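Undergrad: Okay, handing you the structure first.
The values are calculated or read from the model by the stated rules, or taken from the named source; none is laboratory data. Not measured: the values here are computed from a predicted model. Note: ideal-geometry Cβ built from the backbone for every residue, glycine included; neighbour counts use all protein chains shown. Side chains are part of the model used for accessible areas, which takes the heavy atoms of the whole protein and leaves out ligands, DNA and RNA. Shrake-Rupley method; radii C 1.70, N 1.55, O 1.52, S 1.80 Å.
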Amino acid sequence: MAITESSVARWRWNPRVACRVVEDNAFILLDSRMVSLNEVGTTVWTAFERTATLDDAVQAVATAFDVEESVARADAEAFVHELVTRQMLIQGS
């Protein structure tokens with residue numbers, strides 16, 4: 001993962017994103033592209049509704065699904081990288 005996606009970098013939703021959560025699944029729309037997320041993805045995604053760090057998202061997943069932090073971190077890092085690549089998350093302040 002790039003240094004800008006480290007656990008101390010702060011991320012937030014791209015303001016051009018539209019999102020709705022239905023029955024623990026998020027549906028995200030950006031530039032006519034829709035992405036649907038499962039419960040884990042939705043937990044990661046909603047952690048960034050307000051500016052947050054990767055560590056915040058990891059903690060949210062570990063708590064919500066009662067998993068070890070190392071397991072939550074592996075999943076969250078990969079997913080945050082994908083969200084950043086797709087420009088759904090942008091650097092926050």
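Undergrad: Below 13 angstrom from the Cβ of VAL21, what's the summed charge of the other residues (Lys, Arg +1; Asp, Glu -1)?
TA: Net charge around VAL21: -3.
Undergrad: Can you pull the three principal axis extents for the Cα set of the chain, in Å, largest first?
TA: That gives 35, 31, 19 Å along the principal axes, largest extent first.
Undergrad: Sticking with this structure for a sec: Leaving out ligands and nucleic acids, note down the accessible area per residue over the chain with a 1.4 angstrom probe, in whole Å². Mind showing how you got there, number by number?
TA: Details: 5520 Å² over 93 residues.
Counting only protein heavy atoms, the per-residue value for the chain is 59 Å².
Undergrad: Using the Cα centre of the chain as the reference point, and only Cβ charges (+1 on K/R, -1 on D/E), how large is the resulting charge dipole? Debye, rounded to the nearest 20. Intermediate values should be presented prior to the final figure.
TA: Details: 8 positive and 14 negative charges, 117 e Å.
Approximately 560 debye in magnitude.
Undergrad: Oh, and also: Give me the distance in nm between label points sitting 7 Å out from Cα along the Cα-to-Cβ direction at ASP31 and VAL71, one decimal.
TA: For the pair ASP31/VAL71, the computed spacing is 3.5 nm.
Undergrad: Just order 83-90, 52-59 by mean Cβ neighbour count inside 10 Å, highest at the front, would you? All intermediate terms of the calculation are to be shown ahead of the outcome.
TA: On the way: 83-90: 18.0, 52-59: 20.2.
The packing order, highest mean first, is 52-59, 83-90.
Undergrad: With the cut-off at 1.5 for a/c, could you classify region 13-67 from its C-alpha gyration tensor as rounded, prolate or oblate?
TA: oblate
Undergrad: Then there is this: In the chain, what percent of the accessible surface is made up of carbon and sulfur (1.4 Å probe, ligands and nucleic acids excluded)?
TA: So the carbon and sulfur contribution to the accessible surface is 49 percent.
Undergrad: Could you work out [θ]222 nm for the chain from helices alone, using -39500 (n - 2.57) per DSSP H run of at least four and dividing by all its residues? Round to the nearest 500 deg cm²/dmol. Each step should come with its number before you reach the end.
TA: Working: 3 runs with 38 residues, N = 93.
Helix contribution divided over all residues of the chain: -13000 deg cm²/dmol.
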